[in-house]
Amino acid sequence: MKFLKELSLESPLSSVSTGKDWKTAKTTNLLKPFSPVDGSHYLEIPLATSEQYTEVVATAKDAFIYWRSLPAPRRGEIVRQIGEKVRLYKQPLGHLISYETGKPLQEGLGEVQEMIDVCDFAVGQSRMLYGMTTVSERPQHKLYEQYHPLGIVGVITAFNFPLAVYGWNTMLAAICGDVVIWKPSSKVPGTAIALQKIIGEVCLENNLPEGIFNLIIGNRDEVGNSMLEDTSIPLISFTGSVASGKHAAEVVSRRLGRTILELGGNNAIIIAPSADLKIAIPAVVFGAVGTTGQRCTTTRRLIIHDSIYDTVVKKLRTAYESLNIGNPLNEINHIGPLIDLQSVHDYREAVEAITAQDGEIIYGGNVLFGPNYESGCYVEPTLAAVQPNCLIVQEETFAPILYLLRYSGSVDEAIAIQNGVRQGLSSSIFTTDMRESEMFLSTVGSDCGIANVNIGTSGAEIGGAFGGEKETGGGRESGSDSWKGYMRRQTVTVNYGSELPLAQGINFDLS
Ligand code: UN1
């Protein structure tokens, strides 16, 4: 495949890099990733060993001493060059992401764009690591806050956004003066290696020491848990399932380390009576089937007002009938495969649960077989009408299943349904009634980290803070002031007078 060559993904490959250097493990434990597109095992990578992990951490520690003292705008300049280089490789990277994850090429390219955008954002931010000054209660005293680099940041990423989520974390951590150890999902190692090679070129051109941008591809025990337990990593940013995130949170908090968690979502769109269906229907369809329902922002629940329920369902069916399912690298296809056979199994189980729990499959519900679907990972996007108390609706099944729910009263009823799940990532309402949209955005409205009006639940821009509440984990990444999560805040009080007045009016007289 041309894009593998263009990204220098040719054997022999290594799974460990500290920047320019690649280190080959002395192991027979080979990772052979599976492409859900055609079912082939397209790479062979020796998995990292725990000795290699220890070496990477030692290199990263040394690099931090150098990197933290470089002025932040100069760190930003390195990130600018990374963004420039990613631009040059946008096409092959987009193709590779599509091939590894199964997402349509357009979405693969969109993901590369997200990485480029976050690089640009981080470059600007590198000149804006603002502290704040406030007023002291004491005469001739100055009180202010400043932000310092934190240290080594461990970034553990999921398969569904193999490039963008790394970018959100690492490009910000880098301008903040941190060094990063990246453990990508072993389902998508090619994208990680390709990006690391691109970053390595920038490291080489700028003669940077090893250890600023580190990659380590290994399994949970040897690498993942070592990172979680390692007291030399003050911050772990973890993206993945709620179950794995809980494990990560427990292990890191046991040593009082920090986490940024970006876990599951169970995102809903409310379709109010006044909704403009011309924009609502495409938003729902993209939200539900984009990335084959494997975004954490995927629309999983549709809460439709009774008065327009039948119209909405009819329009959705028509839209679903027009979707093409097949090889995601072929641009006529809207939907590619699920990531692997385990996900297909989970999809099947969810479909069975729907009917067992008195739901009705209105569209789809089948695994696809035949000449275009040989990997076994292609499934039909599914619409399911369910009862309000249906248990499967509470779960985040990482597949293109959209649950249809009704409400008949005011927007408050719809908001209660929307908030009635354990997860709290993204939410949206389609309405042209300003009272409803303001209610949805108010303190008694959506309880999610992301609340949208007249756009869907997925496809967030990088400029906003990304993350959610409840079981989604509470972390914030990417835009706004998320950068602060990668730094240590210091409150400074300076006395420039010749007296020692104590705060709170305490009198401590030694004479
Ligand atoms: C994810 O699914 O982990 O908002 C990230 C979106 C994308 C990012 C999704 N910008 O859908």
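General remarks:
- Unsatisfied cross-links (Cα-Cα over 23 Å) in the set K61/K470; K278/K470; K315/K470; K23/K183; K2/K32; K85/K187: K61/K470; K278/K470; K315/K470; K85/K187
- Here H345 and I65 are evaluated by their C-beta separation; at R0 = 45 Å the FRET efficiency comes out at 0.40.
- For the stretch 382-498, the solvent-accessible area works out to 43 Å² per residue, with a probe of 1.4 Å and every protein chain left in place.
- FRET efficiency for the Q357 to K314 pair, using the beta carbon distance and R₀ = 22 Å, is estimated at 0.35.
- Here the stretch 267-463 is treated with +1 on each Lys and Arg Cβ and -1 on each Asp and Glu Cβ, and its dipole about the Cα centre works out to around 220 debye.
- On the basis of the beta-carbon distance and an R0 of 56 Å, Q140 and D306 show a calculated FRET efficiency of 0.25.
- Anisotropy class of the stretch 30-128 from Cα gyration tensor, a/c 1.5 cut: oblate
- Rough spin-label spacing in nm, given labels placed 7 Å along Cα→Cβ, for S498 and S40: 8.2
- Under-5 Å amide H pairs with T259, H placed in peptide plane, nonlocal only: I236
- Every helix of 4 or more DSSP H residues in the chain counts as -39500 (n - 2.57), and over all residues that averages to -11000 deg cm²/dmol at 222 nm.
- Phi-based couplings in Hz for the stretch 182-188 (Karplus 6.51, -1.76, 1.60; Gly and Pro marked x): 9, 10, x, 5, 6, 7, 9
- Share of carbon and sulfur in the accessible heavy-atom surface of the chain [1.4 Å probe, %]: 51
- For the stretch 214-260, the per residue solvent-accessible surface stands at 41 Å², with DNA, RNA and ligands left out and a 1.4 Å probe.
- Rel. contact order, % - alpha carbon contacts under 8 angstrom, at least six apart, the chain: 18
- For the stretch 49-207: relative contact order, % (alpha-carbon pairs under 8 angstrom, 6 or more apart): 30
- Prolate/oblate/rounded call for the stretch 267-463, Cα gyration tensor, a/c under 1.5 rounded: prolate
- Around the amide H of N452, modelled in the peptide plane, lie the amide H atoms of S427, S428, I429, all under 5 Å away and 5 or more residues distant in sequence or on another chain.
- Taking amide H positions as modeled 1.01 Å from N, with prolines and chain starts lacking one, the residues under 5 Å from I304 and 5 or more places away or on another chain are I271, L405, R406, Y407.
- Shape analysis of the chain places it in the oblate category; the axes a ≥ b ≥ c from the Cα gyration tensor give an a/c of at least 1.5, with a/b not above b/c.
- The chain - share of DSSP beta bridges that are antiparallel (%, nearest 5): 40
The values are calculated or read from the model by the stated rules, or taken from the named source; none is laboratory data. Fair warning: this is a prediction, and the values are worked out from it, not measured in the lab. All Cβ positions, glycine included, derive from the backbone under ideal geometry; neighbour counts span all protein chains shown. Only protein heavy atoms, including side chains, enter the accessible area calculation; ligands, DNA and RNA are left aside. Shrake-Rupley method; radii C 1.70, N 1.55, O 1.52, S 1.80 Å.
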